[in-house]
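The values are calculated or read from the model by the stated rules, or taken from the named source; none is laboratory data. Only a predicted model underlies this, so the values are computations on that prediction, with no experimental measurement involved. Virtual Cβ from ideal backbone geometry, glycine too; neighbours counted across all protein chains shown.
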Amino acid sequence: MGFGRFVRIGGVVALVGGLAVAAGPVRAGTTADKLAGCDPTRSAVQYRSDGVASPAPAQPCLVATGFGGSETQVVSLNDGSLVYEPAILTPGLAGTGFLPGAPGPTPTTQFSPGGLSISGDRGATWSFNRPAGATWVPQDDALYVDRTTGRLFFYALAANPIPTAGGVPLQDQVPAGEAHLMMSADGGTTWNETGLPGFVESENPRFASAPPPAHGTPTAGGYADVTYWCGNDTINLGMPIPGYRACYRSLDGGESWQFASILASAPVPQHSQCGTSGETFTPDDPGYPEGAPDGSLYAEVNCGKTTYLAHSTDEAATWPLVADASGKPVTLPADGELRVGTDGQLFLVHLSGASTLDLQVSRDGGVTWSAPLDMTPPAARAGSVVQWAIAERGVGEVAASYLVQRGSGSDYDGYLSVTPDALDASPLFVGAALNTASDPMRTSAPAQARDDYIGVDITPDGTPWGSFAASCPGPVPGSPACTGQSSDPEANEAVAGRLAAVWPAP
């Protein structure tokens, strides 16, 4: 535990030049904008929470990575390069990867090998990346960038196939026995891999980072932040078995990891406010830590139908609940996705009803919250939001990606919305469906466009990006989601989209 290994692999990330930054979420138009899937015949809309919309000078753009997709996330490195997971390969018989070159169909499945795809030119081209020189199970992963340092972190369920080539020791390839935590300090050129024992198929864990708190343990090797990883000890299949969500910390930027605490557990809870039933945690709930600028951590704690807010000031060693002036633990407005801004404000986005993504802000550490603001544009309010993700950057730029179901079928629209200033009393939003009406993102009902989650991030210049996965009933000429694809057990296309400006920056 805690022993790191460095492996050099191919595929150096290309650097991109800095972009002119305009006020708000829209940016200067460039030739690359037109090349990377942008549609000059369509525009986004700008609107406020009341739903009054008007055209916005921003284009929806959608590109295919060229690899298969599934549960997906996208992050931006500090140079603006994009990292997308998963990038699924389908070599060999039935796409298993165990018999490369063998004849037969190659559908994307959960047994297909996968890695990451990286773009240094805003989605125009993508290259395949093998973390730690290996390929991995392309499901239930985690992808994260420490924005202070630009360091890239990746968690994978298991190596695939086994045994695998690369720099992963054989003892770390035992199926369902470890959590695989990987780190790259150079945009994916070299990787450090650490195997944490005691985690059986931990689904959808998360990373976080924050500066060392006051009177905390100094970081090692000159690394600026303390890094955190939390995950469930076992896959949750709805069975009434004991379980817990454990948190680890790293003082050296992911080269080694140490146990920090148990954040949640069942049937015996970590917080007395949960009574005797234990905290509620699942493979896809949002109750994971978020780092604050003072070095503390915030995390949602769910007890049945009540959502509390925990605040750790000791590097995830303990998780006391936030209390009001009377000492009573406060409850959050809803169980949603929590983010922390660079000035310490808290941003909470949650689904209200079937189609409303509400944004609320706290300026006092979660004790009180602003009124909810609807982030979805009018066109999205007629359908049902079935999956969504949020990102925050700087002092209040908040973006959301979300899938809106068309009727009751298996066709979806992939939306992206952003506000440059969520701290404003009535912020202006810009949003659009990234795909066209004639080219929906498809899946096999009842799966919600391929499993548990989609992704979103904001680049250093303020451009929002969303990541989606789509399955296709057959080849659709010119479709970013379906070109060259056919019916598939899993999502057979990974797509990423953004909102690109069409005017010069001032």
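Among the residues examined, GLY278 qualifies as modelled with pLDDT under 95, farther than 30 Å from GLY394 by Cβ, of a type in the set (Gly, Ala, Ser) and touching a Pro at 6+ places or on another chain (Cβ under 7 Å). In the stretch 192-234, the qualifying residues are those that are surrounded by fewer than 17 Cβ atoms within 10 Å (Cβ to Cβ) and small (Gly, Ala, Ser), and the one that is farthest from TYR155 (Cα to Cα) is ALA214. When you scan the stretch 39-49, do you find a residue that is surrounded by fewer than 21 Cβ atoms within 10 Å (Cβ to Cβ), β-branched (Val, Ile, Thr) and in a strand (DSSP E or B), even just one? Yes, the stretch 39-49 contains at least one residue that is surrounded by fewer than 21 Cβ atoms within 10 Å (Cβ to Cβ), β-branched (Val, Ile, Thr) and in a strand (DSSP E or B). So in the stretch 310-330, with the set limited to residues that are among the aliphatic types (A, V, I, L, M) and outside any loop (DSSP other than H, G, I, E, B), which one is surrounded by the most Cβ atoms within 10 Å (Cβ to Cβ)? The residue in question is ALA310. Within the stretch 133-191, being over 29 Å from GLY291 (Cβ atoms), surrounded by 24 or more Cβ atoms within 10 Å (Cβ to Cβ) and of a type in the set (Val, Ile, Thr) holds for one residue alone: THR135. Looking across the stretch 257-269, the residues that are within 22 Å of THR219 (Cα to Cα) and either of a type in the set (Phe, Trp, Tyr) or modelled with pLDDT under 95 (or both) come down to TRP257, PHE259.
With the requirement that a residue be among the basic types (Lys, Arg) and at pLDDT below 90, what does the stretch 39-64 give you?
Hit for the stretch 39-64 is ARG42, nothing else.
Taken over the stretch 125-170, the residue count meeting the criterion of being in contact (Cβ under 8 Å) with a residue 24 or more places away in the chain and outside any loop (DSSP other than H, G, I, E, B) is 17.
Can you tell which of PRO212, PRO205 is in contact (Cβ under 8 Å) with a residue 60 or more places away in the chain and within 19 Å of THR313 (Cα to Cα)? I'd like the intermediate steps shown before the answer.
Values: PRO205 fails: within 19 Å of THR313 (Cα to Cα).
Selected residue: PRO212, the only one of PRO212, PRO205 that is in contact (Cβ under 8 Å) with a residue 60 or more places away in the chain and within 19 Å of THR313 (Cα to Cα).
For the stretch 321-337, state whether one or more residues are out of contact with any Pro (no Cβ under 8 Å at 6 or more places or on another chain), among the small types (Gly, Ala, Ser), modelled with pLDDT under 95 and closer than 22 Å to GLN258 by Cα. Taking every residue of the stretch 321-337 in turn, none turns out to be out of contact with any Pro (no Cβ under 8 Å at 6 or more places or on another chain), among the small types (Gly, Ala, Ser), modelled with pLDDT under 95 and closer than 22 Å to GLN258 by Cα.
Quick one: which of SER250, SER265 is out of contact with any Leu (no Cβ under 6 Å at 6 or more places or on another chain) and closer than 13 Å to TYR228 by Cα? Don't jump to the end; show me each part of the working.
Working: SER265 fails: closer than 13 Å to TYR228 by Cα.
Within the list SER250, SER265, the selection yields SER250.
This table checks each residue for (1) assigned to a strand (DSSP E or B); (2) surrounded by 17 or more Cβ atoms within 10 Å (Cβ to Cβ); (3) modelled with pLDDT of 90 or more; (4) at positive phi.
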site: GLY462; (1), (2), (3), (4): no, yes, yes, yes
site: SER467; (1), (2), (3), (4): yes, yes, yes, no
site: ALA470; (1), (2), (3), (4): yes, yes, no, no
site: PRO475; (1), (2), (3), (4): no, no, no, no
site: SER479; (1), (2), (3), (4): no, yes, no, no
site: GLN485; (1), (2), (3), (4): no, yes, no, no
site: GLU490; (1), (2), (3), (4): no, yes, no, no
site: ALA494; (1), (2), (3), (4): yes, yes, no, no
site: LEU499; (1), (2), (3), (4): yes, yes, yes, no
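Could you look through the stretch 435-455, keep only residues that are of a type in the set (A, V, I, L, M, F, W, C) and buried (at least 24 other Cβ atoms within 10 Å of the Cβ), and pick out the one that is modelled with the highest pLDDT?
Start the filter on the stretch 435-455 by keeping residues that are of a type in the set (A, V, I, L, M, F, W, C), which leaves 437, 441, 445, 447, 449, 454.
From what is left, the residues that are buried (at least 24 other Cβ atoms within 10 Å of the Cβ) are 441, 449, 454.
Working: MET441: 78, ALA449: 43, ILE454: 91.
That would be ILE454.
Within the stretch 410-434, if we keep just the residues that are part of a loop (DSSP other than H, G, I, E, B) and either buried (at least 24 other Cβ atoms within 10 Å of the Cβ) or of a type in the set (Val, Ile, Thr) (or both), the residue that is nearest to the chain's Cα centre (by Cα) turns out to be LEU434.
Could you list, in sequence order, the residues of the stretch 150-170 that are under 21 Å from the mean Cα position of the chain (by Cα) and farther than 18 Å from PRO86 by Cα?
GLY150, ARG151
Scanning the stretch 171-190 for residues that are assigned to a loop (DSSP other than H, G, I, E, B), touching a strand residue (DSSP E or B) at 6+ places or on another chain (Cβ under 6 Å) and farther than 26 Å from SER81 by Cα turns up just one, ALA176.
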